[in-house]
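Q: Submitted below is the structure of interest, expressed as structure tokens.
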Amino acid sequence: MHRQSSDQQELTAFVPGGAKPSYTGKRHFTYTDEDSLALTQWCQEQSFPPIDAMDDRHLYCYLVSRRGQGSSIQQLQNAASAYAAASSLSADEEHLAELVDQVMRIGNEFVSILIVSDDSLIGTGLEKVLTEAGFACAVVQSEAAHSYASSIWDYILISSFTPAGMDRHASLDHVPKLVAAMPQASTVSIRLGPSNPVLNLRQAEAGIQFQFSYEDVVRDLARFIDNLRSGSMKPEHQLPTPLAIRQSQGLRLTGSIVEFLEVARTLPPEIWTSNRTQRDLSIKRSVISNIRRTAWEVAGIPAPEYARFASSAARSAPEYPEWSTVRKFVRECWQLIETD
């Protein structure tokens, strides 16, 4: 983009309205320094990166915000022009035109959703169907999600499962920071596979409020969209509080899943992936004893009931949860399948 000598800049025009933009017979329009200043100030208010470090999803957030304030297509075009001129990246005018056109097609209800998924197929699929339904959507990976935290979002929609890595739900570790940055947003999880009370506890402690199974979303997409549009979630989709889940699972009422899993990740992977007995793992007994103690102290996993050992004179009740219980707990948190 070539900067003009005056205080006004030029960029390829967009075709107004809901139709696809046309790039034949290009017109030109101008933007002013006020447009650049407004973009800069908004980025600062939202704790976004400076303009020259933004990507098109940051720009999309800004355009959604402007559209929500009643900006016209011409004003959105000017905002995109200001971004293109200030960005360190080469501005793709056709792509910016499509971005503005996408913002203009947001429905009258103006529901906005930040989709967080480390599985590109699921994330892109959700973005496609929800955008077609008239929602404002952006899909981001969990590690970078906080960079797009903004007051514009009504929902944080999280698909935490990824087929890669030992912890299939490692993205949940980023959710508390995201939730804290956007207290106005409702947090919804898309669950793959059967319901798991331990994984539900991990999600609830992360700040997730509602949960839908992927199968239910696919089976009745219209109903899922209606729930998001109306903001009225059925009771069966509401996650119980961490306290309620702990109580129902016989866990101590205080504890932290995320802190316990941080310790679990420091141990050799075969401890969790293998189905071999403790004796066959070739791991020091002290290592197993420490993780059992940590499971009790940090995660709140209780020791077995004393009554199970009351009739045995040779064996006293253990002070900490049994190793098989701890390993099962971690596997359920990670949705992990043993290898042998």
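Q: If you go through the range 49-62 one residue at a time, how many are surrounded by fewer than 15 Cβ atoms within 10 Å (Cβ to Cβ) and in a helix (DSSP H, G or I)?
A: So the count comes out to 2.
Q: Which of the strands (runs of 3 or more DSSP E) found entirely inside the range 63-159 contain at least 1 residues meeting this: under 18 Å from Ala53 (Cα atoms)?
A: So the answer is 136-140.
Q: Next question. Determine which single condition Ser232 fails, assuming it passes every other condition in (1) part of a loop (DSSP other than H, G, I, E, B); (2) under 28 Å from Gln211 (Cα atoms); (3) modelled with pLDDT of 90 or more.
A: (3)
Q: Still on this structure, I have one more. Taking the condition of being at pLDDT 95 or above and in a helix (DSSP H, G or I), how many residues in the range 200-220 meet it?
A: 7
Q: What tally of residues in the range 186-206 results from selecting those that are within 19 Å of Leu251 (Cα to Cα), among the small types (Gly, Ala, Ser) and in contact (Cβ under 8 Å) with a residue 24 or more places away in the chain?
A: Within the range 186-206, residues that are within 19 Å of Leu251 (Cα to Cα), among the small types (Gly, Ala, Ser) and in contact (Cβ under 8 Å) with a residue 24 or more places away in the chain number 2.
Q: So, one more: So which pairs qualify, if the first residue must be in the range 113-125 and at pLDDT 95 or above, the second must be acidic (Asp, Glu) and part of a helix (DSSP H, G or I), the Cβ gap must be under 7 Å, and the two must be at least 6 apart or on different chains?
A: Ile115/Glu127
Q: Please return the ranges of helices (runs of 4 or more DSSP H) entirely within the range 237-340 where 2 or more residues are at pLDDT 95 or above and of a type in the set (A, V, I, L, M, F, W, C).
A: Once the helices (runs of 4 or more DSSP H) in the range 237-340 are filtered for at least 2 residues that are at pLDDT 95 or above and of a type in the set (A, V, I, L, M, F, W, C), what remains is 242-248, 257-264, 323-334.
Q: Going by what's in this entry, would Glu109 be described as closer than 29 Å to Gly231 by Cβ, at pLDDT 90 or above and not polar (S, T, N, Q)?
A: No; evaluated as a whole, the condition is false for this residue.
Q: Collect the residues in the range 70-97 that are at pLDDT 85 or above, open to solvent by 60 Å² or more (accessible area, probe 1.4 Å) and in contact with an Asp or Glu (Cβ under 9 Å, 6 or more places away or on another chain), keeping them in residue-number order.
A: Gln75
Q: Looking for something among the aliphatic types (A, V, I, L, M) and touching a Cys at 6+ places or on another chain (Cβ under 7 Å) - is there at least one such residue anywhere in the range 223-245?
A: Looking for residues that are among the aliphatic types (A, V, I, L, M) and touching a Cys at 6+ places or on another chain (Cβ under 7 Å), one finds none in the range 223-245, hence no.
Q: Suppose we keep only residues that are under 25 Å from the mean Cα position of the chain (by Cα) and part of a helix (DSSP H, G or I) within the range 31-48. Which one would you say is nearest to Met182 (Cα to Cα)?
A: Glu45
Q: Within the range 242-258, how many residues are surrounded by 13 or more Cβ atoms within 10 Å (Cβ to Cβ), in contact with a helix residue (DSSP H, G or I) (Cβ under 9 Å, 6 or more places away or on another chain) and of a type outside the set (A, V, I, L, M, F, W, C)?
A: Residues in the range 242-258 being surrounded by 13 or more Cβ atoms within 10 Å (Cβ to Cβ), in contact with a helix residue (DSSP H, G or I) (Cβ under 9 Å, 6 or more places away or on another chain) and of a type outside the set (A, V, I, L, M, F, W, C): 6 in total.
Q: Can you tell me how many residues within the range 213-227 are under 19 Å from Ser195 (Cα atoms) and among the aliphatic types (A, V, I, L, M)?
A: The number of residues fulfilling the criteria is 2.
Q: Please work out which residue is most open to solvent (accessible area, probe 1.4 Å), limiting yourself to the range 149-185 and to residues that are of a type in the set (S, T, N, Q) and in contact (Cβ under 8 Å) with a residue 40 or more places away in the chain.
A: Across the range 149-185, the extreme among qualifying residues is Ser151.
Q: Among (1) touching a residue at least 24 places away in the same chain (Cβ under 8 Å); (2) surrounded by fewer than 19 Cβ atoms within 10 Å (Cβ to Cβ); (3) farther than 26 Å from Gln41 by Cα, where does Arg105 come up short?
A: (3)
Q: Could you tell me which residue of the range 108-148 is least open to solvent (accessible area, probe 1.4 Å), considering only residues that are within 26 Å of Ala79 (Cβ to Cβ) and of a type in the set (Asp, Glu)?
A: Within the range 108-148, the match that is least open to solvent (accessible area, probe 1.4 Å) is Glu127.
Q: Look at the range 271-287 and say how many of its residues are open to solvent by 60 Å² or more (accessible area, probe 1.4 Å) and touching a residue at least 60 places away in the same chain (Cβ under 8 Å).
A: 2
The values are calculated or read from the model by the stated rules, or taken from the named source; none is laboratory data. Please read all numbers here as calculations on a predicted model, not as lab measurements. Glycine also receives a Cβ, built like all others from the backbone with ideal geometry; neighbour counts cover every protein chain displayed. Calculation scope for accessible area: heavy atoms of the full protein, side chains included, ligands and nucleic acids excluded. Shrake-Rupley method; radii C 1.70, N 1.55, O 1.52, S 1.80 Å.
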